[in-house]
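Before any comments, here is the structure.
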Amino acid sequence: MEAMWRRLLCMLVKEFLQMLRDPRMRVVIFGTPVIQMTVMAFALTTDVNNIRMAVLDMDKTPASREFISAFTAGKYFRISATLTGQDEITPILDRAEARAVLHIPARFSKDLYNGQTAKVQLLTDGTDSNSTAIVQGYAGYILTDYNDRIQKKRLARKGIDPPVQIDTVSRAWYNPNQESHYYYVPSLIATMLFIFSLLLTSIGIVREKEIGTIEQVMVTPIRRTEFILGKTIPYMITGYISMTFMLIVAYLVFGVHVRGSLLLLYGLTGVYLAGNMGIALIISGSAHTQQQALLTSFLVLMPSVMLSGFLFPVTNMPESIRIATFGNPMRWYLEILRGIVMKDVGVTALWPAILIQAGLTVTFLTVAVGRFKKTLK
């Protein structure tokens, strides 16, 4: 047992020296994940504010101006252009100078005051379907509020009390202000850990194959398990350090803090990192050059990130794709990370994800050990 610990310690020292002796590698390992997470967290946002809106007011009455001011009273819409004819609508949308055009016809105020339905038209740029849906949602909310105010004024003039209505009070649980940072920052931490643990480990091992130092390790009395541990533990430790830096930046810059148990989060992150190391060892076992390892890693990275629920909900995917995501470790870690960081939940709520995550990790490491045995032959 003492000899085993001594061999493992020597292996760990050798890996740390090999990994950290180059100053540029230290920047890549510790600095790049934090920088990329910060930049992407600023760039990735679903909040839509200051929507450029062109207005074609054919009515030009106090009523139409009041209606336009209902749109510009909040922070969502701002008037970017005032049109004079319908022939200007298409060109301004073609040039993307406005994302929406509010067209108020000439009979707007007359219909409104005669008790008839006053029709207006809102044209939106549909090239970005998600943003368009958000713009239309904002417009619908403003229109509903405006209609309520008109109805109350009309009834008040007639001396009639407004009818009883059901008033729905909705609240976004866990994220009351619906800030996209609370969703994207934890997701980016999971993504950065996945990308860098996979790339650094697989390329690091293959680099040893290329320069021939792995053969020197093979001829030593070190055993398979010690070799696997010696290769994975240093990268797991660097992954933990990177994660700690990212959590600090998430709190200081974006106000995202861990509401749940830090101990549970770090423990389950170890399971996630170990699974990533297993995938990296499988890749490095089949690659002979760093280019092969890099390309193979990208074949794993892209579908894993896209099918993890990071950008699109897994529940919205077709059933065959949903079944395939069961083998994606990032999907389960995202569920765990969001649960602990945002919801303050523990093992009781997360046990299915924890169980599958642990099963995947054991599977990946078992396959990696098996492939390493073949490599020795």
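Okay, here's what the table says:
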| quantity | calculated |
| --- | --- |
| Euclidean distance between Cα centres, the stretch 278-294 to the stretch 215-274, Å | 20 Å |
| Shape of the stretch 112-169, Cα gyration tensor, a/c cut at 1.5 | oblate |
| Sorted peptide list for 173-185, 240-252, criterion being average Cβ within 10 angstrom, highest first | 240-252, 173-185 |
| With Cα atoms, 0 to 90° folded angle of helix 347-376 axis to the chain main axis | 40 degrees |
| Solvent-accessible area, 1.4 Å probe, carbon plus sulfur percent, for the stretch 158-229 | 55 percent |
| Mean separation of Cα contacts under 8 Å (6+ apart) over length of the chain, as relative contact order % | 19 percent |
| Given charges at beta-carbon only (K, R positive; D, E negative), |dipole| of the stretch 1-129 in Debye | 620 debye |
| For the stretch 8-157: rounded, prolate or oblate by the Cα gyration tensor [a/c cutoff 1.5] | prolate |
| Ile92 - accessible surface, heavy atoms, 1.4 Å probe, Å² rounded to 10 | 10 Å² |
| Sequence-distant aspartates and glutamates (8 or more away, or on other chains) whose Cα lies within less than 17 Å of Lys231 | Glu15, Glu208, Glu210, Glu215 |
| Largest to smallest principal axis extent of the C-alpha atoms in the stretch 10-69, angstrom | 83, 16, 11 |
| Highest to lowest packing among 112-119, 312-319, scored as the average C-beta count within 10 Å | 112-119, 312-319 |
| Surface/4 of the Cα convex hull for the stretch 207-267, nm² | 6.1 nm² |
| Accessible surface, the stretch 53-108, averaged per residue in Å² (probe 1.4 Å) | 50 Å² |
| Separation of alpha-carbon centers, the stretch 1-26 and the stretch 172-201, rounded to whole Å | 30 Å |
| Dipole magnitude (debye, nearest 20) for the stretch 70-204, charges at Cβ of Lys, Arg, Asp, Glu | 700 debye |
| Nearest 10 degrees, 0 to 90: helix 329-338 Cα axis against the chain principal axis | 60 degrees |
| Size of the chain as Cα extents on the principal axes (Å, biggest first) | 95, 45, 40 |
| Highest average packing first - 59-68, 210-219, 25-34, 271-280, Cβ atoms within 10 Å | 271-280, 59-68, 25-34, 210-219 |
| For the stretch 304-377: Kirkwood Rh in Å [reciprocal of mean 1/r, alpha carbons] | 13.7 Å |
| Surface/4 of the Cα convex hull for the stretch 225-377, nm² | 10.3 nm² |
| Span from the the stretch 33-96 Cα centroid across to the the stretch 307-366 one, whole angstrom | 38 Å |
| Helix-only CD estimate at 222 nm, as mean residue ellipticity for the chain, using -39500 (n - 2.57) per DSSP H run (n ≥ 4) | -21500 deg cm²/dmol |
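The values are calculated or read from the model by the stated rules, or taken from the named source; none is laboratory data. Because the structure is a prediction, the values reported are computed rather than measured. When we count neighbours, we look across all protein chains shown, and the Cβ atoms used for this are built from the backbone with ideal geometry, even at glycine. These accessible areas exclude ligands, DNA and RNA; they are computed on the full protein's heavy atoms, side chains included. Shrake-Rupley method; radii C 1.70, N 1.55, O 1.52, S 1.80 Å.
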